[in-house]
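First up is the structure itself, then whatever we jot down about it.
The values are calculated or read from the model by the stated rules, or taken from the named source; none is laboratory data. Bear in mind that the values here come from a model prediction, so they are computed numbers and not experimental data. Glycine also receives a Cβ, built like all others from the backbone with ideal geometry; neighbour counts cover every protein chain displayed.
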Amino acid sequence: MKQARPKTFLILFALSLFLSGCGGNEYYSGPAGSILPAHVRKISVRPILRRADTPGHNIVGWEDQLRLKIQDELIRDGRFAYVNKEEDADGILSGEITRILFEPLSYDSNNVVQEVKLWVVMDINFRDRVQNKLLWEEPNLDQEFLFFVSTQPGGMTDDEARDQLWDRFARDIIKRMVEGFGSVTGSSEKKIGAGPAPTPAPAAPAPQPENTPPPRRTPPPSPY
C-alpha cells in the first residue's frame, strides 16, 4: 500500500503556492501598469510650445490642438485623473514641437504637388510636482503621415492631416507615460538632424523659341 504524504509537506506546499501568487504585488505602487510613483494620480498638461515654422503653410494654433488631443487621450485611458490647474496636479506633462515639415512626394504633369508627407518632431517630459523633480524625458519623438492634397480625390487639407498625426502622438505620449521607457522611443539625433530630404520637382521641358523653323532634313544619298 502506497504511503500517504505527510500533512506537514502538503501544508508547506500550499503555503509556497500562495506566497508565489502574492509576490507579484510586493512592490506594487500607483495605478495598474504604471511606472509613476504611487502618489501621482492627478495629471496636468502644460500648453505645448512650438519653435518650428513652415513657410507656405498655416500652422498657427497647431500646438493647442495637440494639447487638446493629449488631454482627451488621458481622459479616455482612465488610469489617471486629468486636472486643468497645475496646483491641483501631482504630475505635469510638458512638450515642445521642434520641427514640422511638409515633404512633396509626387507631382502631376503640371508640376503641382499631389501627395505630401507631413513629418513632426517633438520633445516631451514628465515632472513630479509633489517632489519637484523630473521623472523622465523623451526627446525627438516623431510621427509621419502621408496624404493626398485636398484637390485630389479623397485628399485632405493640412489641418485634417494634422489631426491624424496628433491622434498618433497623443496615444504614444500617454503610452510612454503609463508603460515606461522603451514602450515609445524617440528617433536618433542622426535622423532628426538630417531630416527627410525634400523631393525635387520634376524639371519642366525647356521652352522652345517662337517662330523657330523646323530643323532641315538632309535627303539620303542616291544609291546610284
Next on the checklist: Can you tell me which residue is modelled with the lowest pLDDT among those in the range 162-217 that are among the hydrophobic types (A, V, I, L, M, F, W, C), under 18 Å from THR98 (Cα atoms) and assigned to a helix (DSSP H, G or I)?
Outcome noted: ALA194
Next on the checklist: Anything in the range 132-146 that is in contact (Cβ under 8 Å) with a residue 24 or more places away in the chain, within 16 Å of LEU93 (Cα to Cα) and either surrounded by fewer than 17 Cβ atoms within 10 Å (Cβ to Cβ) or not acidic (Asp, Glu) (or both)? List them, or say none.
Outcome noted: LEU135, TRP136, PRO139, ASN140, LEU141
Checklist entry - In the range 147-188, which residue that is without any contact (Cβ under 8 Å) to a residue 12 or more places away in the chain and closer than 30 Å to VAL40 by Cα is surrounded by the fewest Cβ atoms within 10 Å (Cβ to Cβ)? => result GLY182
Checklist outcome for this item: If we ask which residues in the range 124-166 are touching a helix residue (DSSP H, G or I) at 6+ places or on another chain (Cβ under 7 Å) and hydrophobic (A, V, I, L, M, F, W, C), their number turns out to be 6
Checklist entry - Looking at the range 82-90, is at least one residue surrounded by 10 or more Cβ atoms within 10 Å (Cβ to Cβ), assigned to a strand (DSSP E or B) and modelled with pLDDT of 95 or more? => result yes
